[in-house]
Amino acid sequence: MFKTAGRIINWTGEYKKRMYWGFLWSFLNSIFIAMPIMGAAVFLDLMIKDSRGEFVLKPIHALWALLFMVAAIGGRFLFSYLRSIFQESIAYEKTAEERVKIGDILKWVSLGFFDRNNTGDLTGAVTTDLSVFEMYAMNMTNTIVGAYIHMGAMILCMLFFCWQAALAALAGLILSTIFLTILSRNSEKNAVPHQKANDKMISAVLEFVRGVSVAKSYGREGAAAKNVGNAFKEHKDINLKIEKDYIWVNAAHLIACKLGSVGVLLVSSILAINGSMPLHIFLMMAIFSFVMYSQQELVQNGAHTMQLIKAAMDKLDEIEKAEFIDEDGKDIKLQHYDVEFKNVDFGYETRQVLHDVSFNIPEGSTTAIVGPSGGGKTTICRLLARFYDVDRGQISIGGTDIRKLSCNSLLSNISMVFQNVYLFHDTIRNNICFGKADATEEEMIEAAKKARCHDFIMSLPEGYDTVIGEGGGTLSGGEKQRISIARALLKNAPIVILDEATASVDPENEHLIQAAISELTKGKTLITIAHRLATIENADQILVVENGRIAERGTHAELIARDGIYRRFIEIRRKTEGWQI
Ligand code: ATP
């Protein structure tokens, strides 16, 4: 609990000074809480002395007492206000910075990071975990540290008048701390399962929402909802367990605080009865005993929440430790765009997918990659765009190892058009301009015209300002594809990676998409995962990829002359295209 509080204070970084000032204001606030009690005791003493004729109370004394009380109350509110001003906003400022920082990290990690961490975990980190932080970190640190400062200030004030009562108060504080430590340990055990249950719940809901159309089409909404139901149940179970583990220690902690109050009262009573404590001091100690543990009693909430915050911090730390893919990359302007793969080995996690792959692609030429499903075609393209780093060997463009380039400068040379087009939930204009943020209106329209999508965009009521549904859900497959080609055209990169659509589109769309692709690839170094016979036959070079190896390589005429895998592949394809016609 205290360790986590220390970690939170360190985490505040440049705001740490404000935290410490806040603690100082908290201490002064506690002193001002104690002042009216001490003032009342002194005034009571004067009244007793007055009744005994040992002192003469005058109206001016009452006025002084009143001023003292007003000053004590004013000071209390001033320091409480200062504490809030200094500390409360830190969490919001720091969490906003942390969200941006995590966003930056996610931009620069390899795609392998996303394979290892599921969307629910990452969404949970940026939303729930950081929200736990935002809402509770400062509050709870202040509850815990503030309560101990308050107790310290009260015990200090008591020590001034009666060391025995101060000792009794300290004993109560130690006993309460013992139970808080037990509570903290119990919460620590439950915090990670609680966080996992939370992430699982987010993943299950995301999965359900994404897969709802598939579930509906199979009439299996019930089955899809079952996972969500299980995740909710798991979440409920862990919350019940936390409550069970919490209740008894919580009660023990409250009893310890009450025992502390009773201890102060008991010691003061004994001293008052045997005449070693004057009546006004006894009354002061009695009031102290009622108020001094008020903040300590609240620490139990902090002890539990601190463990949730600790688990959230551990997870955020893990994300921050992620390796950046282009840590050593430099912004290099390439002069040539020929591509070379030299003895490349690569595997996702443990399974090796590419084995000793070597080939080169001359600048301005077209290379078609063909081969059976799962052979490694997409993986080759991903490695060229450095979505992942090779395990062995080297990939170079224009003679420069792509690991020497920063991701930005590498990707500025590459345009990619995939089968599964992703469009952002934004206007068509912004989706096209994603390829070149500073493009003029004319450039954007020209790209859309070349990509054969200008006419259909203009037929929409809002034209280029039409907002596309998430993932491009409000457009047809062919329309999405052409907008993504317009995006790539605007980028005008010298290397184009193209994954030809396998899904059959209607002849009209097919024709428009082919025209758009021809515009995009004119004069470029083109690497295409080819499915259409025309693309394959016209390519300058064909790479046949099978089981992660380059099984055959050459032109169509060269490969067809061999009685190999390519020839068989083409025969099957001819039949398939024939069937389609
Ligand atoms: P297809 O023609 O069906 O698209 P492909 O030739 O493009 O297939 P790849 O997508 O490169 O094949 O996949 C090669 C192998 O790597 C496959 O066995 C696949 O299961 C595996 N694989 C692909 N992506 C991942 C990933 N992110 N994590 C783990 N394994 C993966």
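By the gyration tensor of its Cα atoms, with a ≥ b ≥ c the square roots of the eigenvalues, what is the shape of segment 49-92: rounded for a/c under 1.5, prolate for a/b over b/c, or oblate? Please report the intermediate quantities before stating the final value.
Details: a/c = 9.63, a/b = 4.54, b/c = 2.12.
Prolate shape, in that a/c is at least 1.5 and a/b is the bigger ratio.
Seen from all directions on average, segment 249-293 presents a Cα convex hull projection of 2.8 nm². Inter-label distance, Trp248 to Leu206: 3.9 nm, where each label sits 7 Å from its Cα along the C-beta direction.
Sorted from longest to shortest, the spans of the Cα atoms of segment 345-473 along the three principal axes equal 53, 30, 25 Å. Legend: translational diffusion of segment 306-352 by Stokes-Einstein, Rh = Kirkwood radius over C-alpha pairs, 25 °C, 0.890 mPa s; D = 159 µm²/s.
Between Arg574 and Ile560, the contour length at 0.36 nm per residue exceeds the Cα-Cα span by 3.8 nm. A Cβ-based charge dipole, computed about the Cα centre of segment 31-144 with Lys and Arg at +1 and Asp and Glu at -1, lands at about 420 debye. Taking every DSSP beta bridge that has both ends in the chain, the antiparallel portion is near 55%. Rg/Rh, computed from the Cα trace of segment 1-51 with Rh as the Kirkwood radius, has the value 1.38. For the chain, the longest principal axis of the alpha carbon atoms and the long axis of helix 477-491 meet at an angle near 90°.
By its C-alpha gyration tensor, with a ≥ b ≥ c as the square roots of the eigenvalues, how is segment 86-187 shaped: rounded for a/c under 1.5, else prolate for a/b larger than b/c, else oblate?
Working: a/c = 5.24, a/b = 2.60, b/c = 2.01.
Here segment 86-187 falls in the prolate category.
Available extension along the chain between Ile178 and Lys333 is 49.4 nm, counting 0.36 nm per residue and deducting the alpha carbon span.
Dimensions of segment 229-273 from C-alpha coordinates, computed as largest minus smallest value along each principal axis and given longest first, are 65, 9, 6 Å. State, as an integer percentage, the relative contact order of the chain based on alpha-carbon contacts under 8 Å between residues 6 or more apart. Rounded, it is 14 percent for the chain. Annotation: Val262 carries an accessible surface of approximately 90 Å², with a 1.4 Å probe and no ligand, DNA or RNA atoms counted. Residues in segment 31-39 carry Karplus couplings, in order, of 4, 6, 6, 6, 4, x, 5, 5, x Hz; the curve used is 6.51 cos²θ - 1.76 cosθ + 1.60 with θ = phi - 60°, and Gly or Pro positions show x. For segment 328-358 and segment 150-225, compute the distance between their C-alpha centroids and round to whole Å. What the calculation gives is 47 Å, centre to centre.
Which value in Å is the Kirkwood Rh of the chain over different Cα pairs?
30.0
Structural descriptor for segment 186-337: relative contact order 31 percent, calculated from alpha carbon pairs under 8 angstrom and at least 6 residues apart.
Can you bin segment 390-533 into rounded, prolate or oblate? Criterion: square roots of the alpha carbon gyration tensor eigenvalues sorted a ≥ b ≥ c, rounded for a/c under 1.5, prolate for a/b above b/c, oblate for the rest. If you can, show how the numbers build up before the last one.
Working: a/c = 1.95, a/b = 1.49, b/c = 1.31.
Judged from the Cα gyration tensor, segment 390-533 comes out prolate (a/c at least 1.5, a/b above b/c).
Could you work out the local net charge near Phe23, counting Lys and Arg as +1, Asp and Glu as -1, over the other residues with Cβ closer than 14 Å to its Cβ? Don't skip to the answer; put the middle values down first.
Details: positive: Lys16, Lys17, Arg18, Arg83; negative: Glu88.
Here the count lands on +3.
A simple rule links phi to the HN-Hα coupling: the Karplus curve 6.51 cos²θ - 1.76 cosθ + 1.60 with θ = phi - 60°, which for segment 442-450 gives 5, 4, 5, 5, 5, 4, 5, 5, 5 Hz, with x for Gly and Pro. The smallest convex shape that holds all Cα atoms of segment 149-214, its convex hull, gives 84 Å³ per residue.
With a sphere of radius 10 Å drawn around the Cβ of Ile560, what net charge do the other residues whose Cβ falls strictly inside it have (Lys, Arg +1; Asp, Glu -1)? The partial results should precede the final answer.
Values: positive: Arg562, Arg567; negative: Glu537, Glu558, Asp563, Glu571.
With Lys, Arg at +1 and Asp, Glu at -1, the neighbours total -2.
Enter the per residue convex hull volume of segment 421-495, computed from alpha-carbon coordinates, in Å³ rounded to the nearest integer. Can you show the working numbers first?
Numbers: hull volume 6.1 nm³, N = 75.
Output value, Cα hull per residue: 81 Å³.
The helix-only estimate of mean residue ellipticity at 222 nm for the chain, built from DSSP H runs of length n ≥ 4 each weighted as -39500 (n - 2.57), is -21500 deg cm²/dmol after division by the residue total.
When every alpha-carbon pair in segment 15-120 is counted, what percent end up more than 17 Å apart? Numbers along the way, then the final one.
Values: 3887 of 5565 pairs.
Cα-Cα pairs of segment 15-120 separated by over 17 Å account for 70 percent.
The mean of 1/r over all distinct Cα pairs in segment 177-247, once inverted, gives the Kirkwood hydrodynamic radius of 13.7 Å.
Spread over its residues, the convex hull of the C-alpha atoms of segment 239-351 is 242 Å³ per residue.
Charge tally around Asn492: other residues with Cβ under 10 Å, Lys/Arg +1 each, Asp/Glu -1 each, net +2. Using the empirical formula 2.2 N^0.38 Å as the baseline, the Cα radius of gyration of segment 294-376 reaches a ratio of 2.14. Taking all protein chains as they are arranged and a probe of 1.4 Å, the heavy atoms of Trp11 leave approximately 50 Å² accessible to solvent. Couplings for segment 304-309, taken from phi via the Karplus curve 6.51 cos²θ - 1.76 cosθ + 1.60 with θ = phi - 60°, read 6, 5, 4, 6, 5, 5 Hz in order; Gly and Pro are left as x.
The values are calculated or read from the model by the stated rules, or taken from the named source; none is laboratory data. As the structure is a prediction and not an experimental result, all values here were calculated from the model. Glycine also receives a Cβ, built like all others from the backbone with ideal geometry; neighbour counts cover every protein chain displayed. What goes into the accessible areas is simple: the full protein's heavy atoms, side chains included, and nothing from ligands, DNA or RNA. Shrake-Rupley method; radii C 1.70, N 1.55, O 1.52, S 1.80 Å.
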